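Enquirer: Attaching a single structure in structure tokens format; questions to follow.
The values are calculated or read from the model by the stated rules, or taken from the named source; none is laboratory data. Because the structure is a prediction, the values reported are computed rather than measured. So basically every Cβ, Gly included, is an ideal-geometry build from the backbone, and we count neighbours across all protein chains shown.
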Amino acid sequence: MSDDPAAKGKLKILLGYAAGVGKTYQMLEEGQQLKAAGQDVVVGYFESHRRQFTIAKAQGLEIVPRRQIDYRGTRFEEMDTEAVLRRHPRVCLVDEFAHTNVPGSEHAKRWEDVLRLLDAGIDVVTTMNVQHLESLNDQVFQITGVRVRETVPDWVVKQAGQVVMIDLTPHALLNRLERGVVYAPEKASRALENFFRESNLVALREMALRQTAHEVEIREVDPDRIGLLDRGGASDGEPSEKILIHITAHPETANLIRRAWRIAEFLQAPCLAVHVRSTSARLGPGETEAIENHLRFARDLHIETRVIEGDREAEALVGFARLNHATQIYIARPKYKPWQRLFTTNAVHQIVRLAPDLRLIIVAERHATHPAPA
């Protein structure tokens, strides 16, 4: 860390694909190594899950007492961010990056607490699983049948100077689970029947390996090539690809945003999200709320959003796309009842007719490949 008190701290993420692969243990091991090297290290928060090896690894490290919060008659413990700031160590170890804080906490999410520490110039080593990455939420649901509710925005992960995968083969993880190393026997049995099926673990591990490779790649790009990547390789300074996302009240719009954002990240392409507001048709309160939520979600991913007006949705969308030099349009597959298909020319057909030179990506509704048992 820089000696400049105004300098931001550095973030290191230890990435796994499931509980029990060893992320917390490795975080504490790094803390022990830093302490042995003379670094000022504290534990802001760690969750032992009563694993004796993990508890033993924390021995000798300074642990900042947790903050006690009463909520609905129950006492909860959260990281005391203010206490860590007052202590102001050089390095703070913070487990479970994606954790949702109990109501009454200063911040809703632990990653927000971590950003506060980084802004104060404190280096942070933290842990998370790949399924908590926001842009992968729909893919994880399709694979596992489990909708992960705690997510970390991709732009937050991009702030990490290092993303290191903590790997363990699915076979070895299942062996640890069966031996009671990960969870107590009753909980382990439920886990084996649900999320910890071998097919799920294999797919999640592959996803984590790909994501780690991507994170390493974007951090090891030659600085002289960054300008070229940002331009998409175009010689005139304009990006060769630009993605436009059509925002509607359609329930699959959140999935649409994730898919488009992820493609834009890999292409290093600019991304815009636009809603076409009709000047004559009235939306119901539920539709208006859904659109606002989708626009807010896009902004959370640092996607520029626009609302334009027009009674002819397809024409307005294509006109905006051309004005902003978009090359791809992402749109959710419209839902119509069988009888409506006979009388309706939907937005997809109209856009294809109006913009044959643009690439139209139609995102269908995702369903879980292996629905979780009730």
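Enquirer: At positive phi, assigned to a loop (DSSP other than H, G, I, E, B) and buried (at least 18 other Cβ atoms within 10 Å of the Cβ) - does that describe any residue in region 90-99?
Expert: yes
Enquirer: So which of 269, 332 ends up being within 25 Å of the chain's Cα centre (by Cα), at pLDDT below 90, within 28 Å of residue 215 (Cβ to Cβ) and small (Gly, Ala, Ser)?
Expert: It is 269.
Enquirer: Another question, if that's okay. (1) more than 19 Å from residue 25 (Cα to Cα); (2) of a type in the set (Val, Ile, Thr); (3) assigned to a loop (DSSP other than H, G, I, E, B): which one isn't true of residue 143, the others all being true?
Expert: All conditions pass for residue 143, except number (3).
Enquirer: Being touching a Lys or Arg at 6+ places or on another chain (Cβ under 9 Å) and within 19 Å of residue 183 (Cβ to Cβ) narrows it down to one residue among 18, 56; which is it?
Expert: 18
Enquirer: Something else now. Of the residues 208, 160, which is part of a helix (DSSP H, G or I), of a type in the set (Gly, Ala, Ser) and at pLDDT 90 or above?
Expert: 208
Enquirer: Let me ask another. Inside region 10-41, can you point out the residues that are surrounded by fewer than 21 Cβ atoms within 10 Å (Cβ to Cβ) and more than 30 Å from residue 175 (Cβ to Cβ)?
Expert: 10, 34, 35, 36, 37, 38, 39, 40
Enquirer: May I ask you to list the residues in region 108-121 that are crowded, with 24+ Cβ neighbours inside 10 Å and over 19 Å from the mean Cα position of the chain (by Cα)?
Expert: 117
Enquirer: Here is a check on your reading of the model: is residue 58 out of contact with any Asp or Glu (no Cβ under 9 Å at 6 or more places or on another chain), surrounded by fewer than 17 Cβ atoms within 10 Å (Cβ to Cβ) and either farther than 30 Å from residue 194 by Cα or in contact (Cβ under 8 Å) with a residue 40 or more places away in the chain (or both)?
Expert: no
Enquirer: Further question on the same structure: Among the listed residues 313, 309, identify the single one that is in contact with a helix residue (DSSP H, G or I) (Cβ under 9 Å, 6 or more places away or on another chain), within 24 Å of residue 358 (Cα to Cα), surrounded by fewer than 13 Cβ atoms within 10 Å (Cβ to Cβ) and assigned by TED's automatic domain parsing to the domain that holds residue 258.
Expert: Unique residue meeting the criteria: 309.
Enquirer: I've got another one for you. Answer with yes or no whether residue 359 is at pLDDT below 90, over 11 Å from residue 246 (Cα atoms) and under 28 Å from the mean Cα position of the chain (by Cα).
Expert: Yes.
Enquirer: Which condition number in (1) in contact (Cβ under 8 Å) with a residue 40 or more places away in the chain; (2) of a type in the set (D, E, K, R); (3) not in a loop (DSSP other than H, G, I, E, B) is the one that residue 86 fails?
Expert: All conditions pass for residue 86, except number (1).
Enquirer: Scan region 66-90 for residues that are among the aliphatic types (A, V, I, L, M) and within 24 Å of the chain's Cα centre (by Cα) and report the count.
Expert: 1
Enquirer: Against the conditions (1) in contact with a His (Cβ under 8 Å, 6 or more places away or on another chain); (2) farther than 13 Å from residue 132 by Cβ; (3) modelled with pLDDT of 85 or more, where does residue 151 fall short? Just the number, please.
Expert: That leaves (2) as the condition not met.
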